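Down below is the structure, laid out as structure tokens.
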Amino acid sequence: MPTVDAERPTPDWMHSADTAILEYFQRSQPEYIPLVANRLGMHLDYVDGRCQRLVDCGLLEQVTGEAVYRLTDRGEAYLAGELTLGDVPDGG
């Protein structure tokens, strides 16, 4: 699993799994959460929760009612290092 890039600023709430999830969606989108969890070797409930957090921050978006998600332009900007800590809400 990829780790958080030292060159990329990350907010305190972000886990290394979040970066792996975003990078997965960058390569393969849109996708069902169970497939993402399986392919990343992570527990389904954990990935589902992290995806919800990433949606709350505008980095992913749900595209159907069946938990299909894709990376947003904001998520692309984060992965490209164009989005700084101050640009990502902490979500409380």
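The values are calculated or read from the model by the stated rules, or taken from the named source; none is laboratory data. All values derive from a computational prediction rather than experimental measurement. Cβ coordinates were reconstructed from backbone atoms using ideal geometry, including for glycine residues, and neighbour counts include every protein chain displayed.
Per-structure values
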{"quantity": "Failed item, numbered, when His43 is tested on (1) more than 21 Å from Ala80 (Cα to Cα); (2) at pLDDT below 95; (3) touching a helix residue (DSSP H, G or I) at 6+ places or on another chain (Cβ under 7 Å); (4) of a type outside the set (D, E, K, R)", "calculated": "(2)"}
{"quantity": "Single residue of Gly49, Gly75, Gly81, Gly92 found to be modelled with pLDDT of 80 or more, small (Gly, Ala, Ser) and not in a helix (DSSP H, G or I)", "calculated": "Gly81"}
{"quantity": "Hits in the range 55-66 - residues which are assigned to a loop (DSSP other than H, G, I, E, B) and surrounded by fewer than 16 Cβ atoms within 10 Å (Cβ to Cβ)", "calculated": "Val63, Thr64, Gly65, Glu66"}
{"quantity": "Subset of the range 23-32 [out of contact with any Phe, Trp or Tyr (no Cβ under 7 Å at 6 or more places or on another chain) and touching a residue at least 12 places away in the same chain (Cβ under 8 Å)]", "calculated": "Glu23, Tyr24, Gln26, Gln29, Tyr32"}
